[in-house]
Amino acid sequence: MTDQRSAEHRYEPSGLTRRQTLAALGAGGAAWLLRGTVGPDSARAVGTAPADLPGGLVPYQREYRNWAGEVRTDPLWVCEPTTPEHVAELADWARTAGWRLRPQGHRHGWAPLTVAPDTPSSARVLLLDTTRHLTAITLPTGQVAGAPTVRVQAGASMEELLARLGEQGLGVAGCPAPGDLTVGGVLAIGGHGTGVPAAGETTPAGHGHGSLSNQVVSLTAVVWDPAAGRYLPRTFDRTEAEAGALLVQLGRAFLTEAVLRVGPDRPLRCLSRVDVPATELFAAPGGPGAAGSAGARTFASFVDRDGRAEAIWYAFTTHPWLKTWRVTPTRPLTARSVDEPYNYPFSDNIPQPVAELAGQLVSGAPELAPVFGQLQYLITKIGLTGDLTDVLLSSGLLRTLLTGELLTHLLAGGLRSDLWGPSRHLLQYIRPTTLRVTANGYAVHLRRADLQWAVHSFTTTYQRLLTEYQQRGEYPVNGAVEIRVTGLDDPAATGIPGARPALLSALRPDPAHPDRDTALWLDVLTLPGTPGLHRFCRELEQALLAAFDGTRAALRVEWSKGWAYTDTAAWSDPGVLATTIPASFPEWTEAVTTLDRLDPHHVFGNPFLDGLLRTP
């Protein structure tokens, strides 16, 4: 069989039932990953198991469910390859048997890049779980231009990678906040953190402010070898043309390991504050308190001062939760020293009142969204500062929800507004037990001098839409807005002359606009299944495409999250999928044709990727 694609298969969005949504809200730890697991000989197995897997691999069945539960399937067949050679043998098996292979990690994503919702058990899809065996981490493995490197297999978690680096006094400048991500998954979508150099800051060798993919100096992928007539593991140096397509490939290829350039760990001080109103933090540039003026408290001014910032703005509230991280070699007197990650217990674990109110929101009472936003804000404020003033002033349902038991629990954990420690302890702060929400995601390429303008433009548009919907009695957003900022991918961060850029990275600079050096990341979070969500996200997406149309700034999608909205579904707008997204990547055609050449039989793919990764 020469091509596993089928015109009969296409991506079809599906909604969530109330039961599915509530289950997603309270998913605890990693146990949810194992639900529905049955062996091939079990009476509960559905359909025929894949036969004659190489290397004695025994498949089992398990339903697939992603982070927010929006992508759910019937039980699918899974196996656990132990070596890169195993993966290559499986690819040869799949080519001749008419199956397709999908790499699988911890399923902490939103977009249907692994499988589509409602994929039936009859689909000839075999998931390859990388988290059981392909998890080796080796360091140090040498140096590149004076900075050490680490060799890591695709199934290793980011939490384990950063812990191992930390043991050697090493780290990365930025990383995604969750720890339950595989390195392979992060590289596949160009995962990132938040941060740019602060004013006057010098970036040490080994560090970069773009995506983790940009830190790769070499990688190994299973690709088709025409001379051998089979699939084989092949290592690509960062200077090879194929590396540009493989650094971010959306799961269209199977990476087995990568070598990353890293740098000395730099302790950080993380300050949290909730005292800056949104009207000031997101103000238009040039007004009172603008960046550069004395006492400025705009988002851009905090970025200039500290380099690393994140704003979390709960819906229907007036004061965002602003976090800033500053490189701080020694502990400040007032800072609380931390010796492990995940230092916000009030957000790591869902308090019962939040779970109950969330249940009401998805059970037919979306008008409770303003109360839900206020509750999340107050829990955050109390957990950070211990300030109970707003609780004493609250009334009605909100006051009822803020029980004495809840307040005691929040205060028992100690205050969290001023933390200091090794970088990984402060950069990783999202556990699997946090509230599971769906999210859209975009990156705006701009000049750093235009950062506040873009923040103001986005927040003004978002607030306008939220108000218009509320006036019609609609509440499509009940989570928060998240705003981050990073640099763009600079291949020079590898220390390798001639290093290829990651062609499909959302942080790939546009050669036509070398003055754009910064990315503004924008997400809107809400409970899955919220009425009106997709229509709201479509209106917002179209407004962002118009505001950041390439004239002053340009918009790209964040691969792992929601985009290409219609009024009823994400990842479904044909114009955005076929035209807008390809046009936003200067080397789209080169990337797609390279991936097709490395896997001409489309063993590594799915119907959604078949439709997305096409040449215009």
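Close amide H partners of T256, meaning residues 5 or more places away or on another chain with modelled amide H under 5 Å apart, are T220, A221, V222. The mean sequence distance of close C-alpha pairs (under 8 Å, at least 6 residues apart), as a share of the length of the stretch 522-612, puts its relative contact order at 21 percent. Using only side-chain charges placed at the Cβ, +1 for Lys and Arg and -1 for Asp and Glu, the dipole size of the chain relative to its Cα centre rounds to 560 debye. Sparse packing (at most 15 other Cβ atoms within 10 Å of the Cβ) combined with a DSSP loop state is found for the following trypsin sites (Lys or Arg not before Pro) in the stretch 457-542: R472. Using a ≥ b ≥ c from the Cα gyration tensor of the stretch 190-259 (square roots of the eigenvalues), is it rounded, prolate or oblate, where a/c under 1.5 gives rounded and otherwise the larger of a/b and b/c decides, a/b for prolate? Prolate is the answer for the stretch 190-259, as a/c is 1.5 or above and a/b outweighs b/c. A 1.4 Å probe, protein heavy atoms only, puts the accessible area of E367 near 100 Å². The fraction of accessible area contributed by carbon and sulfur in the chain is 53 percent, rounded to a whole number (1.4 Å probe; ligands and nucleic acids excluded).
Dividing the mean sequence gap of close Cα pairs (under 8 Å, 6+ apart) by how many residues the stretch 163-231 holds gives a relative contact order of 30 percent. The accessible area of H106, taken with all protein chains in place and a 1.4 Å probe, comes to roughly 50 Å². Based on the alpha-carbon gyration tensor of the stretch 409-557 and its eigenvalue square roots a ≥ b ≥ c, which shape applies: rounded if a/c is under 1.5, prolate if not and a/b is larger than b/c, or oblate? Judged from the Cα gyration tensor, the stretch 409-557 comes out oblate (a/c at least 1.5, b/c at or above a/b). Relative contact order (percent) for the chain, with alpha-carbon contacts under 8 angstrom and 6 or more residues of separation? The value is 18 percent. In loop segments of the stretch 131-234 as defined by DSSP, the trypsin sites (Lys or Arg not before Pro) with at most 16 further C-beta atoms inside 10 Å of their C-beta are R132. What the chain shows is 36 Å² of accessible area per residue, with the surface traced by a 1.4 Å probe over protein heavy atoms. Within the full protein context, the accessible area of I496 is estimated at about 30 Å² for a probe radius of 1.4 Å. Computed from the C-alpha gyration tensor, the three semi-axes of the ellipsoid equivalent to the chain are 37, 29, 24 Å, from longest to shortest.
Give the shape of the stretch 421-475 as rounded, prolate or oblate, defined through the alpha-carbon gyration tensor: a ≥ b ≥ c are the square roots of its eigenvalues, a/c under 1.5 means rounded, and otherwise the shape is prolate if a/b is larger than b/c and oblate if not. In terms of gyration-tensor shape, oblate. Karplus-based coupling profile of the stretch 546-563, in residue order and whole Hz: 6, 6, 10, 8, x, 6, 10, 7, 10, 9, 10, 7, 8, 3, 6, 10, x, 6, with θ = phi - 60° in 6.51 cos²θ - 1.76 cosθ + 1.60 and x standing for Gly or Pro.
The values are calculated or read from the model by the stated rules, or taken from the named source; none is laboratory data. All values derive from a computational prediction rather than experimental measurement. Counting neighbours? That spans all protein chains shown, and the Cβs are built from the backbone with ideal geometry, glycine included. For the accessible areas, the whole protein counts, side chains as well, though only heavy atoms, and no ligand, DNA or RNA atoms are used. Shrake-Rupley method; radii C 1.70, N 1.55, O 1.52, S 1.80 Å.
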